[in-house]
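A short write-up of the structure that comes next.
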Amino acid sequence: MEYIILKSLGVKDVDHIERYAVRNEGDSDSLKIYYEKKKGQLFHKSEKFKFPRRHRGVRSSTDPNGYMEMSEVSPMLTKVMAELDEIVNHDQQEQDVKRKILTDLRHLEKVVKQKIEEIEIQLDKL
């Protein structure tokens, strides 16, 4: 899949993104993208991006003539997070499928083992 917004930020290694975190830092939001840890690395490789918050005046609910300043998340950050969610959720779905297959395999092993024991008991009785 094309991740146009991420690529426009300079993110090249989208296949190895593991997770991300967003923090509010005053008048901006900070996005940190963490990549899979490679063999021999002590720490995860990461990239950090800052997005300025948009400020606008909103009519006050308590004072009919007053306005209060409100800050909003950057639309660009919202788009980046949508792309990151696709990447992170896709990886999580793959892990969930693998976990289910492994659980089914373990269950099948138990069933087959019990059946073999049952057949061996029947053979001993003959």
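Just need the relative contact order of segment 6-76 here, percent rounded to a whole number, with Cα pairs under 8 Å and 6+ apart.
Working: 102 pairs, mean separation 14.8, N = 71.
Across segment 6-76, relative contact order equals 21 percent.
In what sequence do VAL14, VAL58, VAL80 fall when counting other Cβ within 10 Å, fewest first?
Details: VAL14 17, VAL58 10, VAL80 23.
Lowest count first: VAL58, VAL14, VAL80.
Taking the Cβ of GLY10 as the center, what net charge do the other residues with Cβ under 13 Å away carry, scoring Lys and Arg +1 and Asp and Glu -1? Intermediate values should be presented prior to the final figure.
Values: positive: LYS7, LYS12, LYS48; negative: ASP13, GLU47.
Once all neighbours under 13 Å are counted, the net charge is +1.
Using a basic spin-label model with each label point 7 Å from the Cα along Cα→Cβ, how many nm lie between VAL58 and ILE119?
Distance between the two pseudo-spin positions: 6.8 nm.
Under 10 Å, Cα contacts only: if you run a Gaussian network model on the chain, which one of GLN95, GLN41, GLN114 comes out with the highest mean-square fluctuation?
Of GLN95, GLN41, GLN114, the most mobile in the Gaussian network model is GLN114.
Given Cα pairs under 8 Å that are at least 6 residues apart, what percent is the relative contact order of segment 4-125?
Working: 116 pairs, mean separation 21.3, N = 122.
Value for segment 4-125: 17 percent.
Among LYS125, LYS115, LYS37, what is the fewest-to-most ranking by other Cβ atoms within 10 Å?
Numbers: LYS125 6, LYS115 10, LYS37 13.
By the 10 Å Cβ count, ascending, the order reads LYS125, LYS115, LYS37.
If one takes the longest principal axis of the Cα atoms in the chain, at what angle in degrees, from 0 to 90 and to the nearest 10, does the Cα axis of helix 75-125 lie?
Relative to the chain, helix 75-125 is tipped by roughly 10 degrees.
Could you give the size of the charge dipole of the chain about its Cα centre, using +1 on the Cβ of each K and R and -1 on the Cβ of each D and E, expressed in debye and rounded to the nearest 20? Write out the running numbers ahead of the final one.
Values: 24 positive and 24 negative charges, 74 e Å.
Charge dipole, the chain, about its Cα centre: 360 debye, nearest 20.
How far apart, in nm, are the 7 Å Cα→Cβ label points at VAL112 and LYS37?
Result for the modelled spin labels: 3.5 nm.
From the C-alpha coordinates alone, can you work out the Kirkwood hydrodynamic radius of segment 4-125, in Å?
On the way: mean 1/r = 0.0522 Å⁻¹.
After inverting the pairwise mean of 1/r, the radius is 19.2 Å.
Here, each number is a calculation from the coordinates, and none is a lab measurement. Note that this is a predicted model, so its numbers are computed, not measured. Virtual Cβ from ideal backbone geometry, glycine too; neighbours counted across all protein chains shown.
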